[in-house]
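A quick write-up on the structure given underneath.
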Amino acid sequence: MNFIELANKRYSVRSYSDKPVEKEKILRCVEAARLSPSACNSQPWHFIIVDDVELKNKVAKESFMALSNMNKFTLDAPVMIVLVIEKKNMSSNIGSFLKNKDFSLIDIGIAAEHFCLQAAEEGLGTCMLGWFNEKVVKKLLSIPKSKHIGLLISLGYPKDESFPDKKRKPIDDICSFNGYNK
């Protein structure tokens, strides 16, 4: 498939089948993320693949609140990916300081999307999650207190194989040439 078809195929899956995800497919997703660009080639990421059912469920439960249904679908995902932000190299650190911009957040976003696009290519579904109890997830996975978790990604085979229509703004509403025209 061409890239636009792949980008259209990738969406946030919130309903997973119970089919296990093959390790080879997970590793190809990590490889795609590994190849992604980063500021000053700092590669400030570490992927923790959580596929042990009991541990995965504990991590998943930390992505929602008892009074809300938001993110409860993570319990059905056979795999959770935890993306830990690693130390940036000196060049990226200096650039982040001088520009007052945390490039590692941009870098992990690019790596996460590479992961998710490869997952779509593999016939897998993903959903990136920014809502989670970082303190508890770090404890569950023995992540040092000095580290931060950038995001979680649920991973598995979508229960429904049809792709929803994407609702996006028209291109003229999000794009202008040679200056800001909105």
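Values in this text are rule-based calculations from the coordinates and carry no lab data. On a predicted model such as this, the values are computed, not experimentally measured, just so you know. Heads up, the Cβs are rebuilt from the backbone with ideal geometry, glycines too, and the neighbour counts pull from every protein chain shown.
How big is the shadow of the Cα convex hull of the stretch 104-177, averaged over all directions, in nm²?
Values: hull surface 30.7 nm².
Projected over every direction and averaged, the Cα hull of the stretch 104-177 covers 7.7 nm².
Could you sort 163-174, 36-47, 140-151, 72-83 so that the peptide with the highest average Cβ count within 10 Å comes first and the rest follow in order?
Values: 163-174: 8.4, 36-47: 18.1, 140-151: 14.1, 72-83: 21.9.
Per-residue mean Cβ counts within 10 Å order the peptides as 72-83, 36-47, 140-151, 163-174.
Among the aspartates and glutamates, which fall within straight-line cross-link reach of Lys147, defined as a Cα-Cα distance under 19 Å, with same-chain neighbours fewer than 8 residues apart omitted?
Glu62, Glu86, Asp102, Asp107, Glu134
Given +1 on the Cβ of Lys and Arg, -1 on the Cβ of Asp and Glu, and no further charges, what dipole in debye does the stretch 9-174 carry about its Cα centre, rounded to the nearest 20?
Values: 26 positive and 21 negative charges, 113 e Å.
Using Cβ point charges on Lys, Arg, Asp and Glu, the stretch 9-174 gives about 540 debye.
Per residue of the chain, what 222 nm ellipticity follows from adding -39500 (n - 2.57) for every DSSP H run with n ≥ 4, rounded to the nearest 500?
On the way: 7 runs with 68 residues, N = 182.
My calculation for the chain gives -11000 deg cm²/dmol from helical runs alone.
When the chain is modelled as a GNM with alpha-carbon springs shorter than 10 Å, which of Ile49, Ile85, Ile94 fluctuates the most?
Checking each option, the largest mean-square fluctuation is seen for Ile94.
How fast does the stretch 9-174 diffuse by Stokes-Einstein, in µm²/s, taking the Kirkwood radius from C-alpha pairs at 25 °C and 0.890 mPa s? Walk me through the numbers on the way to the answer.
Working: Rh = 16.7 Å.
Once the numbers are plugged in, D ends up at 147 µm²/s.
Along the Cα→Cβ direction, 7 angstrom out, place labels at Ile106 and Lys169. What is the inter-label distance in nm?
In this crude label model, Ile106 to Lys169 measures out at 2.0 nm.
Among Leu27, Cys40, Gly156, which residue has its Cα positioned farthest towards the positive end of the charge dipole of the stretch 9-174, with +1 placed on the Cβ of Lys and Arg, -1 on the Cβ of Asp and Glu, and the dipole taken about the Cα centre?
The residue sitting most towards the positive pole is Cys40.
Once the other residues with Cβ under 13 Å from the Cβ of Lys138 are scored (Lys, Arg +1; Asp, Glu -1), what is the net sum?
On the way: positive: Lys58, Lys135, Lys139, Lys145, Lys147; negative: Glu62, Glu134.
Charge balance near Lys138 sits at +3.
Build a GNM of the chain with springs between Cα atoms under 10 Å: which of Leu98, Leu35, Leu124 gets the top mean-square fluctuation?
Taking springs between Cα atoms under 10 Å, the residue moving most is Leu98.
What's the long-distance tail for the stretch 3-49, i.e. % of Cα pairs beyond 17 Å?
Value for the stretch 3-49: 58 percent of Cα pairs lie more than 17 Å apart.
Between exposed GluC sites (Glu not before Pro) in the chain, where DSSP calls loop and at most 12 other Cβ atoms lie within 10 Å, what's the longest gap?
Working: sites that count: Glu22, Glu161.
Within the chain, the longest run free of exposed GluC sites (Glu not before Pro) spans 23-160.
Between their Cα atoms, which of Lys19/Lys166; Lys99/Lys145; Lys25/Lys166; Lys25/Lys138; Lys9/Lys182; Lys87/Lys138 are more than 18 Å away from each other? Mind showing how you got there, number by number?
Details: Lys19/Lys166 26 Å; Lys99/Lys145 27 Å; Lys25/Lys166 25 Å; Lys25/Lys138 25 Å; Lys9/Lys182 29 Å; Lys87/Lys138 16 Å.
In this structure, Lys19/Lys166; Lys99/Lys145; Lys25/Lys166; Lys25/Lys138; Lys9/Lys182 lie more than 18 Å apart at Cα.
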